[in-house]
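Chemist: Okay, handing you the structure first.
The values are calculated or read from the model by the stated rules, or taken from the named source; none is laboratory data. All figures in this text were calculated on a predicted structure; none of them were measured in a lab. FYI the Cβ positions are ideal-geometry reconstructions off the backbone, even for glycines, and counts take in every protein chain you see.
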Amino acid sequence: KAGVTQTPRYLIKTRGQQVTLSCSPISGHRSVSWYQQTPGQGLQFLFEYFSETQRNKGNFPGRFSGRQFSNSRSEMNVSTLELGDSALYLCASRIDSGANVLTFGAGSRLTVL
Amino acid sequence: GESVGLHLPTLSVQEGDNSIINCAYSNSASDYFIWYKQESGKGPQFIIDIRSNMDKRQGQRVTVLLNKTVKHLSLQIAATQPGDSAVYFCAENIRGYSTLTFGKGTMLLVSP
């Protein structure tokens, strides 16, 4: 059974640009969550999608957005990139939205110059 | 908001020792807890979980203890191996919410 797949694994952008990250969840998983991981802040929740609807949103500015498609694949977008957006962006999936295990992908490492 | 925290940022042990990683949480409405292990260059990997109606759960070489009275969670790793070297995170789920809130993490270093 394939795990959570994130693309791209690494990318470099400059300030002001935008970026789109992709996540394919485990087959059968309908909930996808996104986290930002930095050395200083640890894992910070961005948002969760379930059946194409945003269920929860973390405390991030509106430059961070996401969506989920009918096949449960998800994308997140960051516009007007800032240096502080440099981080590892982790996607995680689970069968449904509730108190149960999140399975994480390897992440997308974003560097903003 | 309230968040999960860890007592020790770095724990160094010898191979074969038992390791204990601690975690404090502050929200009495938290009803589900997970421990994750993250190795360099990888995403967090599930180790073990426990619900608030339990106080102990065992896995292969790992045990999670939950003390709701003092809002404390611990992960015990028996016969620690060099391959256990990683950052360990505890995470909590607050009843009624579906979001996992993560602690800052503890680095476990195992010397051969």
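Chemist: Just to verify a result, which residue in the range A:23-45, among those that are under 12 Å from the mean Cα position of the chain (by Cα) and without any contact (Cβ under 8 Å) to a residue 40 or more places away in the chain, is nearest to A:I95 (Cα to Cα)?
Modeler: A:F45
Chemist: Could you list all residues from the range A:19-63 that are assigned to a loop (DSSP other than H, G, I, E, B) and either within 11 Å of another protein chain (Cβ to nearest Cβ) or under 21 Å from A:A106 (Cα atoms) (or both)? Before you say what the answer is, go through the steps one by one.
Modeler: Pass one, the range A:19-63, residues assigned to a loop (DSSP other than H, G, I, E, B): A:25-30, A:39-41, A:51-52, A:58-63.
Residues satisfying the conditions are A:P25, A:I26, A:S27, A:G28, A:H29, A:R30, A:P39, A:G40, A:Q41, A:G58, A:N59.
Chemist: Moving on. Return the only residue of A:R15, A:R63 being surrounded by fewer than 19 Cβ atoms within 10 Å (Cβ to Cβ), touching a helix residue (DSSP H, G or I) at 6+ places or on another chain (Cβ under 7 Å) and over 22 Å from A:G98 (Cα atoms). Working first, answer last.
Modeler: Working: A:R63 fails: touching a helix residue (DSSP H, G or I) at 6+ places or on another chain (Cβ under 7 Å).
So the residue among A:R15, A:R63 that is surrounded by fewer than 19 Cβ atoms within 10 Å (Cβ to Cβ), touching a helix residue (DSSP H, G or I) at 6+ places or on another chain (Cβ under 7 Å) and over 22 Å from A:G98 (Cα atoms) is A:R15.
Chemist: Moving on to the next point. State all residues of the range A:3-18 that are away from chain B (no Cβ under 14 Å) and over 14 Å from the mean Cα position of the chain (by Cα); if no residue qualifies, say none. I'd like the intermediate steps shown before the answer.
Modeler: Start the filter on the range A:3-18 by keeping residues that are away from chain B (no Cβ under 14 Å), which leaves A:8, A:11-18.
Selection gives A:L11, A:I12, A:K13, A:T14, A:R15, A:G16, A:Q17, A:Q18.
Chemist: Report yes if B:Y97 is touching a residue at least 40 places away in the same chain (Cβ under 8 Å), aromatic (F, W, Y) and within 13 Å of chain A (Cβ to nearest Cβ), otherwise no. Full working, then the answer.
Modeler: Working: touching a residue at least 40 places away in the same chain (Cβ under 8 Å): no; aromatic (F, W, Y): yes; within 13 Å of chain A (Cβ to nearest Cβ): yes.
Answer is no for this residue.
Chemist: Scan the range A:96-111 and give yes if some residue there is at pLDDT below 95, within 11 Å of chain B (Cβ to nearest Cβ) and not in a loop (DSSP other than H, G, I, E, B), otherwise no.
Modeler: no
Chemist: Name the residue, out of B:T80, B:T101, that is over 19 Å from B:D31 (Cα atoms), of a type outside the set (G, A, S) and buried (at least 19 other Cβ atoms within 10 Å of the Cβ). Please lay out each step first, then the result.
Modeler: Numbers: B:T101 fails: over 19 Å from B:D31 (Cα atoms).
Only one candidate passes the filter, namely B:T80.
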